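S.K.: Please find one structure pasted underneath; my questions will follow.
The values are calculated or read from the model by the stated rules, or taken from the named source; none is laboratory data. Everything quoted here is computed from the prediction, not taken from an experiment. Cβ sites come from the backbone with ideal geometry, for glycine too, and all protein chains shown count toward neighbours. Heads up: the accessible areas ignore ligands, DNA and RNA and are worked out on the full protein's heavy atoms, side chains in. Shrake-Rupley method; radii C 1.70, N 1.55, O 1.52, S 1.80 Å.
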Amino acid sequence: MSKEDCIFCKIVAGQIPSTKIFEDDTVLAFLDVGPLSDGHTLVIPKEHYEKLHECPSELLGKVGSKLNKIAKAVSDGTGCEGYNVLCNTGRASGQLVEHVHFHIIPRNSGDGVFDRWPAKQYPDGKIETIAEKIREKL
Ligand code: AMP
Ligand code: ZN
């Protein structure tokens, strides 16, 4: 998806409406129009990058530095018991909008959101093999 076709870039540019809750020079937070719960919020860098790992550290740091403040406001403002912070990256993960964004999803006991968390177990030795493959890329 090019920057020109990006719905979040259009929100940043004010070309389509959004319900903003926070904005500064580099970061924008607004309510998700298809919420998993009341107050479901999206936090984005204003600059367009598709994936988390394509976003420069400095910019990501600026987004991250606002997450705690915004999450507290979402938490206090909705009175939720907890929240999930989620960054879907890539189509396989469920990323539909190809502009990096963090979901803040207010949660309450028994709300049924993410009811299924399909945890597995590693067979013997596999955890170390996988860790080594990842470490060598750092
Ligand atoms: P993802 O699946 O992680 O890419 O999430 C994209 C999110 O953007 C979804 O939860 C949508 O409901 C939300 N969304 C799409 N268009 C808009 C919009 N115009 N304003 C606010 N949220 C939007
Ligand atoms: Zn964009």
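So that you can scan it fast, the table gives a plain yes or no per residue for (1) closer than 23 Å to Asp24 by Cα; (2) open to solvent by 20 Å² or more (accessible area, probe 1.4 Å):
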{"position": "His48", "(1), (2)": "yes, yes"}
{"position": "Glu54", "(1), (2)": "yes, yes"}
{"position": "Leu60", "(1), (2)": "yes, yes"}
{"position": "Leu67", "(1), (2)": "yes, yes"}
{"position": "Thr89", "(1), (2)": "no, yes"}
{"position": "Ala92", "(1), (2)": "no, yes"}
{"position": "Glu98", "(1), (2)": "yes, yes"}
{"position": "Ile104", "(1), (2)": "yes, no"}
{"position": "Asn108", "(1), (2)": "no, yes"}
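S.K.: Anything in the range 15-27 that is open to solvent by less than 60 Å² (accessible area, probe 1.4 Å) and out of contact with any strand residue (DSSP E or B) (no Cβ under 9 Å at 6 or more places or on another chain)? List them, or say none.
M.R.: The answer is Ile16, Asp24.
S.K.: Quick check on this structure: which one of Asn68, Asn84 is within 15 Å of ligand 1 (Cβ to nearest atom), over 27 Å from Glu4 (Cα atoms) and at pLDDT 95 or above?
M.R.: Exactly one of Asn68, Asn84 is within 15 Å of ligand 1 (Cβ to nearest atom), over 27 Å from Glu4 (Cα atoms) and at pLDDT 95 or above, namely Asn84.
S.K.: So, restricting to strands (runs of 3 or more DSSP E) that lie completely within the range 1-116, which ones have at least 3 residues that are within 15 Å of the chain's Cα centre (by Cα) and within 16 Å of ligand 2 (Cβ to nearest atom)?
M.R.: It comes to 27-31, 41-45.
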